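Values quoted throughout were computed directly from the atomic coordinates according to the rules given, and no laboratory measurement underlies them. The structure presented is a predicted model; accordingly, all values stated were derived computationally and were not measured. Because the Cβ atoms are built from the backbone with ideal geometry, glycine has one as well, and the counts that use them run over all protein chains shown.
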Amino acid sequence: MPGLAAAEQDAVSLVRRVARALNRRFTDIVALLFSHKGAGSLGAVAGFAIAVVFAWKFLRPRRRAPKRPPPTPAAAPAATVPDAAEPIGDSGKVVTREIVVKRLKGCRKVTCQLLGVVFEETIPEELQKHATVRPSVVELLLEISRYCDLYLMETVIDDKSEENALMALETSGLFRTGGLMKEKVLFCSSEVGRTSFVRQLESDFHIDTSLDIVSQLSVCYLVSYLFLEQGILLIFMC
């Protein structure tokens, strides 16, 4: 404001005039001290010095104290947050769903190998005797089948291997939601057949552990690949 600025300028001018006057007075007294080294002169200098200190303290411009930010309100207890009351199992499903949506956004079809990925067994010979679904992949596959057209496939030696595979998938509950059906579980007698399945289905996203299949698909379809902690190889297809 104009009035406030003028008042500040007048105050500064007054302080400067007083300082110049005190400076001249101090110079005269120092000269007097050197001329007369008596006790009276020393007392006058001491008194004048005290007066200068007090005058400086009262006349100097006061600094404005920095404003402290208002105290932030305390965070609400975790129990009052609605999401915090969600059971652990449900929160795990939410995290899985978010990962699936983020990774498979825009994908129409997903194909996945069974051995070494869905099953604990890793070779076709083991599948002749038994098939065991990894518990950790059940929820993930169910979420994928909700957003994409999911197909499972594997290379098998005989019909018994197919029966063991289908029985294990049904027992684990993968067919209960309707997103994944027995008709979408494909079997072949060689890895070439599995590669052919992927190409015929025009999969947008394929999950496989075979480096040979990766190399074959990379000719026309492979864009990039990513190794997961479990050793699963994900293939992003165009």
29 Å Cα-Cα threshold exceeded, pairs from K102/K160; K160/K184; K102/K182: K102/K160
What list do you get for S210, S13 if you sort them by fewest beta carbons within 10 Å? S13, S210
